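Asks: Here you go, one structure.
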Amino acid sequence: MAPDGVHLDIRGVGKSFGGTRALDEVSVAIRIGSVHAFVGENGAGKSTLGKIVAGVIQPDQGELVLKAEPVSFGSPREALDRGIALVAQEVALVPQRTVAENVFLGAEPRRFGFVRRRRLLERFERVVAGAGFQLPANAVVGSLPLAKQQQVEILRALARDAELIVFDEPTAALSAVEVQRFHEIVRSLAGSGRTVILVSHFLNEILELADTVTILRDGRVVRTAPAAGETEDTLVAAMLGRSVGRTYPPKQHPPTDADVALRVRDLTAAGVHGASLDVRAGEIVGLAGLVGAGRSELARAIFGAVPATAAELTAGAAPLPGGPLGSIRARLTMIPESRKDDGLLLRRPVRENVSLASIRAFSRFSLVRRRLEAKRVREALTSVAATSALETQPAALSGGNQQKLMFARALLAQPRVLIADEPTRGVDVGAKRDLYRLIVDLAAGGVAVLLISNEVEEILGLSHRVLVMRAGRVVAELEGDRMTEEAILAASFGRSLVAAG
Amino acid sequence: MTETTAAEATPTGQAILARLRWAVRKGGIVIPFIVVFIILSFISPSFLRFQNIANILDQQAGIIIVAVAGTLVLIAGGIDLSVGAIYGLAGATAAQLAAWMGTPVGIAAALGVGLAVGLANGLIVTKFRINALIGTLAMSFVVSGIGAIVTQGNLVVVLDHPDFQQFAATRIVGLTSAAWMMIAAAIAVSVLLSRTTFGRYVYATGGNAEAARLGGVRINTVQVATYALSGMAAALAGTIDASRTLSAQASAGSFLTFTVLTGIIVGGTSILGGEGSGPRTVVGCLFVALVANGFNLLGLDPFYQQITLGIILLLAVGTDAWSRRLS
């Protein structure tokens with residue numbers, strides 16, 4: 001045991017992604033044998049900190065001191081060699097292989113290059129005996145439920161003699177019973193002298209499991225304190241707070257008798273369990289909630305990108321025909337969450353990217369009228385304040401300019417309803433301001449906007465009304481004075497034992 | 001068309017490198033082609049004769065027709081390994097039915113065979129979500145097998161049907177009708193790709209299928225259409241070559257698939273989809289043909305020709321990978 005009982009000392013760690021400061025001067029001491037929770041809003045930096053500890057991400061500033069010895073991890077492998085393992089949100093296993101093979105993946109007992117199967121099973125039994133839970137050695141991992149796969153990951157960490165295990169949102173996808181089981185495992189890990197770091201946004205879970213809590217906000221530590229002295233209310237209060245330097249255009253409320261432009265009743269799709277909402281013409285409705293609450297899933301289901309069933313799904317007066325093309329024709333457009341994966345043709349010119357959804361309008365007898373196309377695209381780029389040449393490839397543009405292309409594409413399709421999923425993610429401050437202006441102007445022009453954002457502040461700054469989603473449902477509607485960060489967070493986190501499903 | 005908006009983005013070092021890669025990709029094969037062309041005209045006086053050029057175009061007609069259609073398939077993110085089999089079966093069909101029922105019936109039936117197999121390929125890849133490489137490879141076995149059964153492995157010979165020969169071998173302004181059909185096909189595909197909405201959808205589908213789908217492109221329809229066109233092009237090529245030689249064999253296309261693929265890739269179309277062009281495929285195919293022609297004119301061992309071809313192909317794919325790498 002280190003002299004001061006500190007397992008890992010995080011000293012002045014800073015990390016930036018592009019222009020965004022994810023962590024700033026973060027210092028936390030993790031005691032040996034404790035369960036230490038990192039808590040904060042979406043984007044507060046808790047996951048980033050967990051990943052730095054496990055060597056997945058390298059810090060820009062600061063240092064890690066492991067049992068009084070300064071260390072730096074170039075990769076998760078190096079962290080693992082020093083006894084630190086990460087159990088990530090998404091399991092990283094080979095689904096076709098067995099439990100035992102996965103547990104010893106890359107560290108198989110072998111002789112002359114051949115795996116010694118009996119030795120492998122013996123070792124597996126030994127690891128299982130020390131873990132306090134049982135798993136079938138020869139079961140194929142892909143056939144196991146997610147909770148069991150997570151246990152395979154835990155065994156893998158134990159098989160490498162990990163003394164510090166970082167869990168990143170471990171219970172987000174587990175059922176209530178599985179969550180209980182997981183809690184028992186964490187307690188037994190701590191009981192056997194191991195240190196656990198728990199990155200979670202389930203407050204009750206943190207209060208139940210953790211010895212110590214570090215609350216993060218905007219990449220900084222608000223405080224590190226014993227969990228026994230905290231309640232859900234004190235945690236939420238500490239997570240609140242306003243970052244400086246953001247300005248939002250003044251809100252222009254739509255007329256109260258504006259028509260409902262988008263009506264969704266009892267929509268069910270993967271990750272969405274009976275969601276209902278209305279958006280009126282000229283209204284900006286913010287859709288808040290935690291990561292995994294089903295916001296993007298709902299957006300994609302409304303747009304027709306994934307199959308969905310709904311009691312009612314209408315844009316304007318007519319039911320949506322289903323499918324992206326049908327939605328675009330019904331003048332409902334979506335700006336998807338990931339512009340790189342689902343939005344842009346990174347290697348086609350800007351011109352083609354912007355005109356993609358409305359190319360039929362620029363063609364005669366299916367021949368593209370290139371001059372008309374260029375003219376309209378240039379107009380659209382000007383109206384979104386984008387500074388990109390028509391023939392540039394989007395791959396060479398900044399995040400802000402890429403996102404503006406997505407808005408320009410949406411504008412050309414002349415939407416009556418616009419769903420914007422995380423429109424300002426990975427965008428610099430200047431471009432953010434442009435995009436806010438754009439969203440407000442669109443609404444002022446009569447477009448119904450459904451805005452999804454992980455930044456509660458952004459939602460509050462732009463929306464006329466806020467809906468909060470949790471576990472695939474719209475659980476709260478906030479308007480006027482009730483639109484506060486506290487109310488949104490309270491509704492997002494819920495108050496009872498939280499478990500999806 | 002290089003209009004810019006008011007403020008041009010400032011080029012960084014990275015952007016310049018990206019532009020260089022873009023230029024290499026755009027220009028690509030044209031420069032080596034011109035170099036080889038000039039070298040050949042110097043070392044062989046017979047090379048530049050109109051008759052030699054016209055012969056090359058006539059011989060390459062089938063390959064280039066298949067290749068320009070195959071370019072559509074590749075850009076849309078697929079691949080068609082069944083073109084050789086379709087070429088063989090369609091040639092045999094055209095020859096046999098022309099002998100029995102007349103030339104128009106033979107040609108129409110051959111094109112119908114190509115269309116049917118192409119549509120089947122498209123459905124296999126889109127509806128049944130079978131990997132295009134495996135799906136069209138399997139289809140090539142099926143089609144070859146049908147060809148072997150129908151013709152019982154024999155050479156189909158068309159006698160006493162001069163009109164069937166006229167289909168490909170009529171001379172118009174110095175070039176054969178086969179060469180003219182090839183030129184027409186190359187222009188049609190190039191216009192399709194660069195000027196039509198369908199062309200945009202082809203690039204979008206291969207460049208980022210999910211983005212295309214969310215942008216309102218019917219990606220399955222687009223892919224099926226490219227396979228259908230590829231099948232028809234292979235059938236047309238088989239018919240042309242049957243007409244030229246007045247005979248056909250179902251197994252004739254066994255090497256064609258790879259010759260065509262080589263031409264497309266050397267022309268700079270990406271095996272990963274989303275990029276490529278019709279004219280460059282033509283240049284790519286002609287480049288491969290010129291190299292072969294040069295080896296013949298110089299009287300070199302044909303084995304060296306194969307080695308050279310392999311190296312050219314590797315260089316083409318390597319350049320593609322390099323120009324795609326963006327940090």
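Asks: Can you work out the Karplus-derived ³J(HN,Hα) for every residue in the range A:406-416? Use 6.51 cos²θ - 1.76 cosθ + 1.60 with θ = phi - 60°, whole Hz, and x for glycine or proline.
Replies: Here the 3J(HN,Hα) series is 4, 5, 4, 4, 4, 4, 4, 7, 6, x, 9 Hz.
Asks: Next up: Calculate the length of the line joining the C-alpha centroid of the range B:121-162 to that of the range A:258-286, in whole Å.
Replies: Between the Cα centres of the range B:121-162 and the range A:258-286 lies a distance of 51 Å.
Asks: Per residue of the range A:44-61, what does 6.51 cos²θ - 1.76 cosθ + 1.60 with θ = phi - 60° give for ³J(HN,Hα)? Whole Hz please, x for Gly and Pro, Karplus curve as stated.
Replies: Running phi through 6.51 cos²θ - 1.76 cosθ + 1.60 with θ = phi - 60° gives 6, x, 5, 5, 4, 5, x, 6, 5, 4, 8, x, 6, 10, 9, x, 7, 10 Hz.
Asks: For A:349-362, what's the mean count of beta carbons from other chains sitting within 10 Å of each residue's beta carbon?
Replies: What the average comes to for A:349-362 is 4.
Asks: Enter the Cα centre distance for the pair the range B:46-115 and the range A:453-495, rounded to the nearest angstrom.
Replies: 63
Asks: Just rank B:Y203, B:Y227, fewest to most, by other beta-carbon atoms within 10 angstrom.
Replies: Fewest-to-most Cβ neighbours within 10 Å comes out as B:Y203, B:Y227.
Asks: Can you run phi through the Karplus equation (6.51, -1.76, 1.60; θ = phi - 60°) for the range A:261-268 and list ³J(HN,Hα) in whole Hz, with x for Gly and Pro?
Replies: 8, 9, 10, 10, 10, 6, 7, 10
Asks: Can you list the residues, at least 5 places off or on another chain, whose amide H is less than 5 Å from the amide H of A:G274, using H built in the peptide plane?
Replies: When sequence neighbours closer than 5 places are left aside, the close amide H contacts are A:L267, A:T268, A:A269.
Asks: Also, quick follow-up: Only counting other Cβ atoms within 10 Å, I'd like B:W100, B:W180 sorted with the fewest neighbours first.
Replies: Lowest count first: B:W100, B:W180.
Asks: About the Cα centre of the range A:1-153, how large is the charge dipole given +1 on each Lys and Arg Cβ and -1 on each Asp and Glu Cβ? Please answer in debye to the nearest 20.
Replies: That gives the range A:1-153 a dipole magnitude of about 800 debye.
Asks: Just to be sure I follow the rule: in the protein assembly as shown, considering lysines 8 or more places apart or on different chains, how many pairs have Cα atoms under 19 Å apart?
Replies: 8
Asks: Can you give me the Cα centroid spacing of the range A:79-103 and the range A:195-235 in angstrom?
Replies: Distance between centres, Cα-based: 26 Å.
Asks: Give the angle, between 0 and 90 degrees and rounded to the nearest 10, that separates the Cα long axis of helix A:117-131 from the longest principal axis of the Cα atoms of chain A.
Replies: It is inclined by approximately 90 degrees.
Asks: Please arrange B:I312, A:I359, A:I197, B:I172 by how many other C-beta atoms lie within 10 Å of their C-beta, fewest to most.
Replies: B:I172, B:I312, A:I359, A:I197
Asks: As an exercise, use a Förster radius of 56 Å and the Cβ-Cβ distance of B:I187 and A:A129 to find the FRET efficiency, rounded to the nearest 0.05.
Replies: 0.15
Asks: Sticking with this structure for a sec: What residue among B:A132, B:A184, B:A61 shows peak mean-square fluctuation when chain B is described by a Gaussian network model with Cα springs under 10 Å?
Replies: For chain B, modelled as a Gaussian network with Cα springs under 10 Å, the answer is B:A184.
Asks: I've got another one for you. Label B:S44 and A:V94 with points 7 Å out from Cα along Cα→Cβ: what is the distance between them in nm?
Replies: About 5.3 nm separates the two model spin labels.
Asks: Calculate for the protein assembly as shown the 222 nm mean residue ellipticity that helices alone would give, adding -39,500 (n - 2.57) per DSSP H run of length 4 or more and normalising by residue count, nearest 500 deg cm²/dmol.
Replies: Rounded to the nearest 500, the figure is -15500 deg cm²/dmol.
Asks: Net charge near A:G472: determine it from the other residues with C-beta under 11 Å of the C-beta of A:G472, scoring Lys and Arg +1 and Asp and Glu -1.
Replies: Its environment carries a net charge of +2.
Asks: Using modelled amide H (1.01 Å from N, peptide plane; none on Pro or chain starts), what sits under 5 Å from the amide H of A:L8, excluding residues fewer than 5 places away?
Replies: For A:L8, whose amide H was placed from the backbone, the distant partners under 5 Å are A:I30, A:K67.
Asks: Skipping prolines and chain starts, which residues have an amide H placed within reach, meaning under 5 Å, of the one on A:V222, given they are 5 or more residues away or on another chain?
Replies: Amide H neighbours of A:V222, under 5 Å, 5+ apart: A:I215, A:L216, A:R217.
Where a number appears in this text, it was derived from the coordinates with a stated rule and is not lab data. Nothing here was measured: the structure is a model prediction, and the numbers come from that model. No Cβ is skipped: glycine too gets one built from the backbone with ideal geometry, and neighbour counts run over all protein chains shown.
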